[in-house]
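Okay, so here's the structure we're looking at.
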Amino acid sequence: MMNQETIEIWRIQVVAIGFSLAVMLFVFELIRRKKLREKYSLVWFGAGIVMIVFSVWRGLLDEVAHFLGVGYAPALLFLVALFFGMVLMIHFSVVISDLTEKNKTLAQDMALLKAELKKMKADERKPS
Amino acid sequence: MVKLLVIIPAYNEEMNIAQVVRSVDETRRILPDTLLDIVVVNDGSADRTLEAAESSGVIVLDLPYNLGIGGAVQTGFRYASEHGYDVAVQIDGDGQHDPEFLPKLIAPILSGTHDVAIGSRFLDSSRAGFQSTFTRRIGIKLFEWINSVIIRQKITDNTSGFRAYNSKTITMLADEYPLDYPEPETVIMLGLRNFRIAEIPVVMKERQGGRSSIGAWVSWFYMVKVLLAIFVNVFKKHR
């Protein structure tokens, strides 16, 4: 027999699973439309899978919460979500740094080539 | 003949650049046996720096957008490296540095005793010329202390952008140079790699016009960024 409390937990489980699936489906769709590179989707899928595992397997959440001394088990879900948020942001910072470096090299290449081209044009105009 | 390249980074220096180029050009008479080329790196200026530099007849490296002083100077190093220059001198585009000191600055490079020469405004006991503002001198003193502990050599003017490098150093810096506020960090980079650094007393002027790239609030960011970079450098892998 289900009491009131079990029904509520069951509801939030469905919402959590549904939300995680929706996010993963959205990420998948972005890759399919070539709006997102596979390389950058991995962290999102990882986060989605972990959230689904915790949502489905309630016992695991309680176990981990008990082990860590977290009184209210669902609060752990927030912690896990926050952790993935942080991982994603650090990942973005790394990607941006990499892009900055490549961007710098590209701009410098362009300046050097422009000067080279200008010199070649000037040499061409001069009768040898 | 020594092939010398003078690199002048310029960001919104339309008022100063022609004069700086002219004063560098005039040093030819005090630099015998030297093949001197001047390159102005236009760091995505919004004003007419590009036109002013081009009409002065020097080589111009025109960056498509603003990279920051380090990115601009490095473009000059890459040019020097590609064209096989023996010595590269970096001199600010705002007229702070007097090119009359060029022969003194490159002397330790030419004689082969040092790889890098830094023009310092604090070495001359008479304290002639522009000594920077009080708060900035505190920062400079802090860099002096930290850097001397790390590289075991006292460098009095870590923020000076008036420097000369030999070809070995040019090759290294063409490959790796900090994007913004590069000067104190470069001292550490080179010191930890056992490049021989000399300091030469020079007299600096207050900027002739335009604005400094480092404002009051930015100074704090500058200090924190550079200190972090110096700290990380100590733990970096050195190739």
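Computed from the coordinates by the stated procedures, all read-outs in this text should not be read as laboratory data. All values reported here derive from a predicted model rather than from experimental measurement. Using ideal geometry, Cβ is built from the backbone for each residue, glycine included, and neighbour counts are taken over all protein chains shown.
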Item to check | Gap separating the Cα centres of region A:98-128 and region B:104-173, nearest whole Å | outcome: 31
Checklist entry - Lysine pairs in chain A 8 or more apart or on different chains: how many have alpha carbons under 20 angstrom apart? => result 5
Checklist entry - Based on the Cβ-Cβ distance of residue A:87 and residue B:150, what FRET efficiency does E = 1/(1 + (r/R0)^6) give at R0 = 56 Å, to the nearest 0.05? => result 0.95
Checklist entry - How long are the three semi-axes of the equivalent ellipsoid of region A:4-125, in whole Å, if each is the root of 5 times an eigenvalue of the C-alpha gyration tensor, listed from largest down? => result 51, 16, 8
Checklist outcome for this item: Most exposed first, judged by fewest Cβ atoms within 10 angstrom, B:157, A:123 run A:123, B:157
Next on the checklist: Within 10 Å of each Cβ in A:101-108, how many Cβ atoms from other chains are there, averaged over the peptide?
Outcome noted: 5
Checklist entry - Normalised by the residues of chain A, what does the relative contact order come to in percent, with Cα pairs under 8 Å and at least six apart? => result 18
Checklist entry - Which of the peptides A:28-34, B:158-164 is most tightly packed, and how do the rest follow, judged by the mean count of other Cβ atoms within 10 Å per residue? => result B:158-164, A:28-34
Checklist entry - Across region B:219-228, in residue order, what do the Karplus-derived ³J(HN,Hα) couplings come to in whole Hz, using 6.51 cos²θ - 1.76 cosθ + 1.60 with θ = phi - 60° and x for Gly and Pro? => result 4, 5, 4, 4, 4, 5, 4, 5, 4, 5
Checklist outcome for this item: For residue B:204, the residues 5 or more places away or on another chain with a placed amide H closer than 5 Å to its own amide H are B:130
Item to check | Within 10 Å of each Cβ in B:50-63, the average number of Cβ atoms from other chains | outcome: 2
Checklist entry - With labels modelled as points extended 7 Å from the Cα through the Cβ direction, what inter-label distance (nm, one decimal) is found for residue A:99 paired with residue A:116? => result 2.7
Checklist entry - Summing -39500 (n - 2.57) over the DSSP H runs of n ≥ 4 in the protein assembly as shown and dividing by its residue number, what mean residue ellipticity at 222 nm do you reach, to the nearest 500 deg cm²/dmol? => result -19000 deg cm²/dmol
Checklist outcome for this item: Taking every residue of B:65-75, the Cβ atoms of other protein chains inside 10 Å of its Cβ average out to 3
Checklist entry - Comparing A:111, A:16, A:65, which has the greatest mean-square fluctuation in the GNM of chain A with Cα pairs linked when under 10 Å apart? => result A:111
Checklist entry - Where Lys and Arg each count +1 and Asp and Glu each count -1, what net charge lies around residue A:124 among other residues with Cβ under 15 Å from its Cβ? => result +3
Checklist entry - With θ set to phi - 60° and the Karplus curve 6.51 cos²θ - 1.76 cosθ + 1.60, what are the ³J(HN,Hα) couplings of region B:56-70 in order, to the nearest whole Hz, using x for Gly and Pro? => result 8, x, 9, 6, 10, 9, 9, 6, x, 7, 5, 9, x, 3, x
